[in-house]
Amino acid sequence: MEWLAENESIHLSVKLHPRGAGNWWRSHLVDNERISIVPEHTSLDDCAARFDIVLSDYTNAIVDVARYATPFVLLGSNKDYFSVERFGIPRARSAIQLRDEVDAILADPSAYAARSLSFFEFHVENRRFPLGSIVDSVVSLANKKALPGIRLKSALDDFDDA
C-alpha cells in the first residue's frame, strides 16, 4: 500500500480471485478511496481489456491478461514457471521495484504491450511444453530413474511393478 500512497494519481481496481474472499483488499477499502473492487460478475477478459496495467501474483491468469496485450507486473518472488522475465515482463519483489516498473510501463506502454503479446503468443505456440516435461518425468520414474529434488525411493513406494 506504500506504493499506492506515493502515487496519488493512481486508482487501483482489484479483481478478486473467484475462490477468494478478498478480506485483505476489503480491509483497505476503508482507508483508501482510490481502491475499488471490481464487481464479482466482471470477467477477467473485461478487466484485461480495460485496465492500463495489471498487477498480479503468480497465476495462469497472466496468460489471459497477456492475450489483450495488457502490460502486467508479476508480483512476488515465486519461481518463474512461465518464463516472464525471458520476455522482459517486469517483476516486482518490493514497493520500490513496483514503483519503478509501473513508471517504466507508463513511460512506454506500447513497448510493454508488445512484450505482453509476445509472451502470450509464445505460450500459445508452445502450449505442449509443460505437458512434455510432466510426461518426461513420469517416463523417468517408470524407468526407476531419479528426478532432481525427488527421492527415488519415496517416489516409487507406491509404484506397482506388475
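Computed 3J(HN,Hα) for the range 82-87, one whole-Hz value per residue from the Karplus formula 6.51 cos²θ - 1.76 cosθ + 1.60 where θ = phi - 60°, is 9, 6, 4, 5, 4, 9, glycine and proline marked x. Segment SER43..SER118, full-extension length gain: 24.7 nm, with 0.36 nm per residue of separation and the alpha-carbon distance subtracted. Run the paramagnetic zone check for ILE96: 7 angstrom along Cα to Cβ, then residues of the range 1-22 with backbone nitrogen under 18 Å. Those under the cut-off are 1-7. Close amide H pairs (under 5 Å, H built 1.01 Å from N) link ALA92 with LEU74, LEU75, GLY76, residues at least 5 positions away or on another chain. The phi-based Karplus calculation (6.51 cos²θ - 1.76 cosθ + 1.60; θ = phi - 60°) puts the 3J(HN,Hα) values of the range 113-121 at 5, 5, 5, 4, 5, 4, 4, 4, 4 Hz, whole numbers, x for Gly and Pro. For SER36, the amide hydrogen comes within under 5 Å of the amide hydrogens of LEU12, SER13, VAL14, counting only partners 5 or more places away or on other chains and with H modelled in the peptide plane.
What does the extension gain come out to for GLU8 and LEU106, with contour length at 0.36 nm per residue minus their alpha carbon separation? Spell out each step's value before the answer.
Numbers: separation 98, 0.36 × 98 = 35.28 nm, distance 1.46 nm.
Length gained, GLU8 through LEU106: 33.8 nm.
Sorting HIS28, HIS11, HIS17, HIS41 from the fewest to the most surrounding beta carbons within 10 angstrom yields HIS41, HIS17, HIS11, HIS28.
Legend: ranking of residues ASP31, ASP64 from fewest to most surrounding C-beta atoms inside 10 Å; resulting order ASP31, ASP64.
None of the figures in this text is laboratory data; all of them are computed from the coordinates on show. What you see is a predicted model; the values in this text were computed from it and never measured. FYI the Cβ positions are ideal-geometry reconstructions off the backbone, even for glycines, and counts take in every protein chain you see.
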